[in-house]
Every structure is written in structure tokens, then in C-alpha cells.
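One structure is given here, and the rest of the page talks about it.
The values are calculated or read from the model by the stated rules, or taken from the named source; none is laboratory data. Owing to the predicted nature of the structure, the values given are computational and were not obtained by experimental measurement. FYI the Cβ positions are ideal-geometry reconstructions off the backbone, even for glycines, and counts take in every protein chain you see.
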Amino acid sequence: MTPRLSRLQFWSIFAIAVAIFALGCGPIWRHPFDIDVAVFVSYAPIPLLVLACLAWSKKLGAAAFFLDTIEIAALKFGVTYGAAIVLWAASSGPAAPIWKSHPDEVAADATPAMPLEPPTPTPIAPGSTGVLDGFVAAEDGAAVAGALVWVRDGLEQFVFAAPTEPVLLQNDGSGFTPRLAVVQAWQPLIARSTNSKLHTLQALAEDGSTLFNYPIFASGDSRQIVLHRAYGIVTLGCKVHALDRSEAKATLAVLAHPFFAITGVDGRCSIRGVPEGRLRVGAMHPDRGDAAADVTLTAGSTTELRLRLVGRSR
């Protein structure tokens, strides 16, 4: 029989790992939706402690080291994952989104205080708008259906009223759907679980930082969220299932205006009522890439633009 750790050694190492998880990065019950660092840090000492205890007991061997390390790590995973599930279910989630700057953010408010009411829309003079007609192609020139086309820059001086109709996101265990959605700042965003399991709606910026993370409860009750800032393009996922990678990522565009469209099967789209001026128009498809073009839109005119997607770097 392979010499193994004594029960005292085994449970002592396990207790140390759990204590690091619970307290090493601050009490986890104070930040239950931000425990990634605590999880990984708590695994680090397990092999070192197993190695030290086996060596001190003169039982050191490859088989004993491997078996004891795996057994303690597996037991710790079960206990800490169960504790995290309980904390997530009991928590009401972050009191408010964690606002951070983002490269695509429009008209970012530099003040830390979050506005309580939407800003007053800017009057748009009659006859001062035009139309953007776009065609989105892949690198090989073929039309791309299901691509998002939107005005990226050039409208910062305007404020636009948000639609009152909510945007719905659902998670059935395979990830949030639709895989590509668009919501305007101050427009209601509804999220719900449809597979009777706890999820979170986590939005990641391009640099991987968390913009917001809301729990979506297993009961299936709808959760209404109102985002007060235009983040641009963000990646959506579920933090509960991030480690096992069982859910596909989704893409959400959080815009400051209503000037966007999704291309049809012919790769074409039309955006009407866009204020005149110098604009930067973007296009993206979650699997096909990104593109951008600078245009000058004249009042009463239609501007044609062709956007060729290139592979995404992220």
C-alpha cells in the first residue's frame, strides 16, 4: 500500500486551503461575485504542503504526492464551490454596476456619481438628418449576414431618448441568447434563467475587466437592469460557469443612440434619421471580425458605405 498523509496532516492542509479561500483576499461574503483570485490562490499551497508533510513523515513518493494532492484539491473544490453557490443565491448582487472606462464608451461621465434620471434629449432640427446604407463583407468579399453596423463616433454632442421597450436576454445553460444583442443606455435590459439554474450576467471589457455582474436567479424570475452608460461592445458570460466553460460567450452592444442595424442575408442594412456630420461607422460580427469607415453625411442625402471585416484579435 502506498504511504499516504496522516488524517491529521490531510485535514490540516484542507483546512488551510479553505481558510485561504474564505479569508485570503478578504472575506468572500463581502464580495461573493468577485472571488476568482481567492479561488486560484487557495489551490497554490496544497501541493507545497503535501510535499512538505510527506517529506517530514518520510513518506515522500510520486504516487503519494499525486494522490494526496488530487484528493485534497477535489475535496476543496466541492466544498468551496458549494459555498460559492450558497453565497451567490443569498446575495442580492452588486448594489450598482462597477463603472469603468472603455475604449468604445460614448460621452463618458467623468464624475463618480451615477445619474438617477436620463439626460434630456437634444432637439434635432427637421431636415438635418440623412441615411446610411451599408454593405458588410467578409475578407473574401462575400456578404455577411447578422453583422452589427452602428455609428461609433461623431454623435457625442447629442443626447438621444432611450426606447422603453426592453431587450431580453435568456440563459438556457448554453449561454445568453441572442448571441448578439443591442441595448441603448437607459433602455431596460431584462435577463432571466430558463434552465432552473443560477447564472450571472457578467460583462467584460476588451481588456478583460468586469464592467458589471448581476445574479440571474434559478427561479426564472426576470431581472431588469438599466445601464446608465454607453459601454460600446462588451462580451457577456456567466461567472458561475466560467471555470467549466460550459456556456458560449455572447456579445452586447451598449450604445448611446439608436443608430444601428443588423445586416440581412444579402449583407446590407440601412440606418435612417442619422444627424448630419462627420461620422465613424463601425461593423462587427462575433465570429467574422470588425471594420470601420469614416464618412461625411449630408442632410437629406443617402451615403453608401462598404465595410470589409477583418479577423478579430480578441
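Structure notes:
- Selection count, the stretch 274-306, where residues are on the phi > 0 side of the Ramachandran plot and loosely packed, with under 13 Cβ neighbours inside 10 Å: 1
- Residue within the stretch 236-253 that is at negative phi, among the hydroxyl-bearing types (Ser, Thr, Tyr) and under 13 Å from the mean Cα position of the chain (by Cα) present: yes
- Meeting the requirement of 2 or more residues that are closer than 30 Å to Glu304 by Cβ, the strands (runs of 3 or more DSSP E) wholly within the stretch 187-279 are 232-237, 250-255, 260-262, 268-275.
- With respect to the conditions (1) at pLDDT 95 or above; (2) on the phi > 0 side of the Ramachandran plot; (3) surrounded by fewer than 17 Cβ atoms within 10 Å (Cβ to Cβ), Gly267 falls short on a single one, namely (3).
- Residue in the stretch 273-289 that is assigned by TED's automatic domain parsing to the domain that holds Ala253, closer than 23 Å to Leu252 by Cβ and acidic (Asp, Glu) present: yes
- Unmet criterion (only one of (1) at pLDDT 90 or above; (2) more than 20 Å from the chain's Cα centre (by Cα)) for Gln187: (2)
- All positions within the stretch 33-87 that are in contact with a Gly (Cβ under 9 Å, 6 or more places away or on another chain) and either touching a residue at least 60 places away in the same chain (Cβ under 8 Å) or not hydroxyl-bearing (Ser, Thr, Tyr) (or both): Phe33, Val37, Ala38, Val41, Leu54
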